[in-house]
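Here is the structure we will look at.
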Amino acid sequence: MPIRFVLLGLYGLLMSVAIGAMRLDADQSVAGQNASERLQALFDAERAWSFEVFPETALSEGDRSGISRVTDLSVAGLESRHAQRQAFYDELKSIDEISLSDQDRISYQTFEALLEAPLQAHRFKMYEVPINARSGIHQQIPMMALNTPFEFLEDYEGYLDRLEQQPKQVESLIERMRGGMASGRTVPKANMTD
């Protein structure tokens, strides 16, 4: 008889372990679903924010809502974007990566890298060197025409509005470069010459 009790006890133990494992799987599935939903919501929030603060990017992707605006290149605008990127990064890190599907994990890691790059650039004050021989406002101004669809009157008006804002853009970059000069961050002379 004692063996029967032992077997019943083992059976009960195995059943409780199996039920616990099923509950754990169910909990992880729900947590994974929640993590996946949070991740997607974060992607959506970042994209909406990005289109708002980088209207040129929005326009290049067919969103005309900011056709008359330009990115705020001032130090204040830069700091505001940095703070928001940090908030997105912090939210991303609060999502349990392990509970995500393989595809969502890849998306998570890609998004993480996309957020980390400008955060690191800010840490090293790369914004104090906003132009070089290959990129900067001297390239962006001529590219504005290529990125404007010119299909409607509003496209032409928006383009002219953006052109009128370029002196302020240049002033903002000069301010940032002066900060770079003061802290010893400049583009090497050899890079800026023919």
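Which lysines does LYS189 reach when only Cα atoms under 24 Å apart count, and residues fewer than 8 places away in its own chain are ignored?
Result set, ordered by chain and number: LYS125.
Can you tell me the accessible area per residue over the stretch 84-176, all protein chains present, probe 1.4 angstrom, in square angstrom?
63
Round to the nearest 0.05 the FRET efficiency obtained for THR110 and GLU151 when R0 = 35 Å and r is the Cβ-Cβ distance.
0.60
What is the list of residues in the stretch 128-159 whose amide nitrogen lies under 19 Å from a point 7 angstrom out from the Cα of VAL187, following Cα to Cβ?
Answer for this model: 128-144.
Where the centroid of each part is defined by its Cα atoms, how far is the stretch 113-133 from the stretch 67-93 in Å?
If you average the Cα positions of each part, the centres end up 12 Å apart.
Using a probe of 1.4 angstrom, how much of the accessible area of the stretch 45-190 is carbon and sulfur, in percent?
56
What translational D, rounded to a whole number of µm²/s, comes out for the stretch 30-128 from Stokes-Einstein when the hydrodynamic radius is the Kirkwood one over Cα pairs, at 20 °C and 1.002 mPa s?
Estimated diffusion coefficient is 146 µm²/s.
Please report, for the Cα atoms of the stretch 127-194, the Rg to one decimal and the Dmax as a whole number; what are they, in angstrom?
So, for the stretch 127-194, Rg and Dmax equal 14.9, 46 Å respectively.
May I ask you to give the average projected area over all directions of the convex hull of the Cα atoms of the stretch 72-156, in nm² rounded to one decimal?
The directionally averaged projection comes out at 8.5 nm².
Would you list which aspartates and glutamates come within 18 Å of LYS93, measuring only between C-alpha atoms, while excluding same-chain residues fewer than 8 positions from it?
GLU37, ASP44, GLU46, ASP102, ASP104, GLU112, GLU116
The values are calculated or read from the model by the stated rules, or taken from the named source; none is laboratory data. The model shown is predicted, which means the values in this text are computed figures rather than measured ones. Using ideal geometry, Cβ is built from the backbone for each residue, glycine included, and neighbour counts are taken over all protein chains shown. The area values use the complete protein model at the heavy-atom level, side chains included, leaving out ligands, DNA and RNA. Shrake-Rupley method; radii C 1.70, N 1.55, O 1.52, S 1.80 Å.
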